[in-house]
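Asks: Quick one: the structure is below, questions incoming.
The values are calculated or read from the model by the stated rules, or taken from the named source; none is laboratory data. Since the model is a prediction, treat every value here as computed from it, not as a measurement. Neighbour counts run over all protein chains shown; Cβ positions are idealised from the backbone, glycine included.
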Ligand SMILES: NC(=O)c1ccc[n+]([C@@H]2O[C@H](COP(=O)([O-])OP(=O)(O)OC[C@H]3O[C@@H](n4cnc5c(N)ncnc54)[C@H](O)[C@@H]3O)[C@@H](O)[C@H]2O)c1
């Protein structure tokens, strides 16, 4: 005989297949909004939840606040039923809820799960049996089981529990990491396999069915913790390898070897080597932060994650290394940083994106200012820069003209719209931290 639980499970699976299931996405940021558009594109009725009223009103007016998402895409989603709200009571109408809220570090460099716990506490009163709840925010292994599940169960007035088996009534809970690479147009979003790990087989089955509608491949693992750890392994792998090339770059500079030439040669090896590139330091909401979620958790197991700490040390020092290189380059022209006019090209944390979070440019701008430089910046994606890493910068975008007025132009973000040849021609001195001037032969360029 089919139990009520099995029948509800079959009902949601059928709702997913027929696109009748209603999907709620909490957190309409860089992760949540594109995800909402993907489901909407598959004809699902999607509701976006956010606590920022300006985001809710912009979306409902058919607008966008993320450069790479066009207002026309929001309007198209609206025609498929997409709407945004700050009203958590609407969670009760959802068949599946996906949480995509921030997971930063606090001032002690420890995980700040307050956005996750706040969201889960707001969802809990509106749970109903058979619903699927998925956490996508990057976090340490154990968060879903140790934090999310107790908060959901404890916050529900009707005593709804988390289902652990195909026969147990309750809500189904899973973790599924977001793997987007902002600005990367080489791989279509639906071609990035989606990893899911549920609290029990029913949760994994439902999450697999739901994501299977928008991703070509869903990879299920045995638990939420395995899925949480998968995401951290991926990001720590990047963080450690970037630190490695950043260290080798410094050695190569001392030895008079071009690290980029070396990487280009090494990457011709068809196996066992993946190219990573040096730069002015790490940025974004993921790579500089996520590894420390694991370091923090590891301490509970009397374990020191030494690779993470060493990589963090090297990568954090890179903006300071850039400042040393600017000082040395100016010195060659009998100038000092103090009193020099310096233009920083690019403040986004990487090429062609409108994301400033943890950007090394912010540290470089702050350090140049502290050392008495007269600093300006140019970035087509940011008309203004308010807060830096440690204090308010309050700067406005400087047009890319009269470059000869600057004692040095420092390329920190290699946006593809820049005409590097023209920039080199017009400038007195270029400090290039990204190899953006590759192929341009000029004594004005200092590559670091
Ligand atoms: N941005 C990326 O490229 C990327 C890639 C992979 C993973 N991630 C992870 O995804 C998660 C989200 O990152 P993001 O870049 O989208 O962050 P974001 O800051 O762009 O968006 C988060 C959104 O959540 C909203 N929010 C905060 N608290 C809320 C609450 N209680 N209820 C409803 N909405 C709330 C914020 O207003 C914001 O719009 C993080 O854990 C991040 O580490 C991000």
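Asks: Within region 164-180, restricting attention to residues that are away from the ligand (no atom under 13 Å from the Cβ) and out of contact with any helix residue (DSSP H, G or I) (no Cβ under 6 Å at 6 or more places or on another chain), which residue is nearest to residue 3 (Cα to Cα)? Quick ask: steps written out before the conclusion?
Replies: To start, the set of residues in region 164-180 that are away from the ligand (no atom under 13 Å from the Cβ) comprises 164-174.
Keeping just the survivors that are out of contact with any helix residue (DSSP H, G or I) (no Cβ under 6 Å at 6 or more places or on another chain) gives 164-165, 168, 170-171.
Values: 164: 15, 165: 12, 168: 9, 170: 13, 171: 15 Å.
The qualifying residue nearest to residue 3 (Cα to Cα) is 168.
Asks: Out of the residues in region 296-312 that are assigned to a helix (DSSP H, G or I) and touching a residue at least 12 places away in the same chain (Cβ under 8 Å), which is nearest to residue 398 (Cα to Cα)?
Replies: 312
Asks: Say whether the condition of being in contact with a strand residue (DSSP E or B) (Cβ under 8 Å, 6 or more places away or on another chain), in contact (Cβ under 8 Å) with a residue 12 or more places away in the chain and not in a helix (DSSP H, G or I) is met by at least one residue in region 225-238.
Replies: no
Asks: Evaluate the following for residue 281: is it modelled with pLDDT of 95 or more, in a loop (DSSP other than H, G, I, E, B) and touching a helix residue (DSSP H, G or I) at 6+ places or on another chain (Cβ under 8 Å)?
Replies: Judged against the criteria, residue 281 is a match.
Asks: A further question follows. Before we move on, is residue 297 surrounded by 14 or more Cβ atoms within 10 Å (Cβ to Cβ) and over 25 Å from residue 410 (Cα atoms)?
Replies: So residue 297 passes the test.
Asks: Return the residues of region 275-295 that are without any contact (Cβ under 8 Å) to a residue 24 or more places away in the chain and within 12 Å of the ligand (Cβ to nearest atom); say none if nothing qualifies.
Replies: Within region 275-295, no residue meets the criteria.
Asks: Separate question: How many residues does region 142-163 hold that are buried (at least 23 other Cβ atoms within 10 Å of the Cβ), assigned to a loop (DSSP other than H, G, I, E, B) and within 16 Å of the ligand (Cβ to nearest atom)?
Replies: Result for region 142-163: 0.
Asks: From the residues in region 95-118 that are closer than 21 Å to residue 85 by Cα and under 19 Å from the mean Cα position of the chain (by Cα), which one is surrounded by the most Cβ atoms within 10 Å (Cβ to Cβ)?
Replies: Within region 95-118, the subset closer than 21 Å to residue 85 by Cα is 95-102, 114-118.
Now narrow it down to the ones that are under 19 Å from the mean Cα position of the chain (by Cα): 98-102, 114-116.
Values: 98: 29, 99: 22, 100: 26, 101: 24, 102: 18, 114: 13, 115: 18, 116: 24.
Per the criteria, the residue is 98.
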